[in-house]
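Below: one structure, written as structure tokens.
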Amino acid sequence: MSARTFWSFLGVLAVVGLLAFGLISKGGNSVDIGQPFPGRSLDSLDGSGSQSIADYRGQWVLVNLWASWCTPCRQEAPALEEFNRAHAKDNFTVLGVDSKDLTDNANRFVAEFGVTYPQLHDGPGMLADDLGTRGFPESFLVDPSGNLRLIRRGAVTADYLQTTVLPFLSGKAHQ
Amino acid sequence: MRRAALLALAALVLATPAAAAAATPKTTLPDVEDEVMCPTCGTLLQLAESPQANDERDFIRREIMAGKTKQQIEDDLVAQFGERVLATPPASGFDLTAYLVPALGLVAAAVGIALGVRRWRRASDAAGTDDTPLDEGETERLDTDLARYDL
């Protein structure tokens, strides 16, 4: 192999490697049922500190990704709040993650719907990327061991929460 | 005299903020819109039409009204949405390649052109260094041809 061929080959290899690395590092991720939920630490929406799902170990958590500009998020907010209030005693909480949103708008949303469950802010949408989110809202039920048990792409309804989420909390869900 | 001095002082005090405001150009929405992204759309904010893009534009308008500079507005957007809200990637980490690759490409192209020109000049020099004298027939033909162009 001549020196020129070698350097040409090396140049092409470098460009292809660079493109492949870019695609892999920017490519979409996702988490499957049964896998550990991503442990990304996020700031609280009220600016009181930061939290991750690991802080809720030992508890059932319905992670709800939402944004104030998202119309279906407005539709599901009352059902989520009601379900959270009804089942807080069952070792359960909804954990809101406001994504790709302005904090002022998000705080107005929280006040408007009287949301009482904890809220995190993910402005860049890093957790949404980890989860392979396709749109908002999306909800993810995480068990007390930190593993993913349910994925809901789209808004939840009171009926969905009662018939699909509640059986997990009461241990009646088909595993 | 004292009255005149007071008037001059008052004029100076009133004129200074006005002059400063005139000297600092006010940021405009289009000025910021073409340098930031709409995070949900994945396009420049300038081209984006979505509820999130409209919220982002409202945020920028409020910042402009508050008298913030373009840099301050971009910093506030980064605080809200992270570095990926900027249309130009930061010059660090993997994103540095966005700056290095075009620069290296330009250098490689310049080196390639320089080598090509050098090779071409060498070839043409080699072709032009034939010092063999013309024989008698060729000289005669050349003279005839040149005579044809005499005016």
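For the reader, a short list of remarks on this structure follows.
- B:PHE94 among the aromatic types (Phe, Trp, Tyr) and at pLDDT 95 or above: no
- Count of the stretch A:41-58 residues which are in contact with a strand residue (DSSP E or B) (Cβ under 9 Å, 6 or more places away or on another chain) and at positive phi: 2
- Inside the stretch B:30-47, residues that are farther than 18 Å from B:ILE64 by Cβ and in a loop (DSSP other than H, G, I, E, B) make up a count of 4.
- So A:GLU81, is it surrounded by fewer than 19 Cβ atoms within 10 Å (Cβ to Cβ), more than 14 Å from chain B (Cβ to nearest Cβ) and either of a type in the set (Asp, Glu) or closer than 26 Å to B:LEU86 by Cβ (or both): yes
- Single condition A:GLN51 does not satisfy, out of (1) within 14 Å of chain B (Cβ to nearest Cβ); (2) under 17 Å from the mean Cα position of the chain (by Cα); (3) in contact (Cβ under 8 Å) with a residue 60 or more places away in the chain: (1)
- The set of residues in the stretch A:84-101 that are surrounded by fewer than 23 Cβ atoms within 10 Å (Cβ to Cβ) and either within 14 Å of another protein chain (Cβ to nearest Cβ) or over 18 Å from the mean Cα position of the chain (by Cα) (or both) comprises A:ARG85, A:ALA86, A:HIS87, A:ALA88, A:LYS89, A:ASP90, A:ASN91.
- Residue ID - nearest to A:VAL63 (Cα to Cα), chosen from residues in the stretch A:134-175 that are outside any helix (DSSP H, G or I) and among the polar types (S, T, N, Q): A:SER139
- Extreme residue, farthest from the other protein chains (Cβ to nearest Cβ), among residues of the stretch A:112-133 that are part of a loop (DSSP other than H, G, I, E, B) and either in contact with a strand residue (DSSP E or B) (Cβ under 8 Å, 6 or more places away or on another chain) or of a type in the set (D, E, K, R) (or both): A:TYR117
- Residue selected from the stretch B:22-53 under the condition surrounded by fewer than 17 Cβ atoms within 10 Å (Cβ to Cβ) and under 23 Å from A:MET126 (Cβ atoms), by the criterion nearest to the other protein chains (Cβ to nearest Cβ): B:PRO51
- Counted as qualifying within the stretch A:11-106 are the strands (runs of 3 or more DSSP E) with 2 or more residues that are aromatic (Phe, Trp, Tyr), namely A:60-66.
- Residue within the stretch B:62-69 that is touching a helix residue (DSSP H, G or I) at 6+ places or on another chain (Cβ under 7 Å), at pLDDT 95 or above, within 17 Å of A:THR103 (Cα to Cα) and surrounded by 14 or more Cβ atoms within 10 Å (Cβ to Cβ) present: yes
- Pair list, Cβ under 6 Å, 6 or more apart: the stretch B:73-95 residue facing chain A (nearest Cβ under 9 Å), other residue at pLDDT below 85: B:GLU83/B:PRO90
The values are calculated or read from the model by the stated rules, or taken from the named source; none is laboratory data. Keep in mind the model is a prediction, meaning the values are calculated, not measured. Quick reminder, even Gly has a Cβ in these numbers, built from the backbone with ideal geometry, and neighbours come from all protein chains shown.
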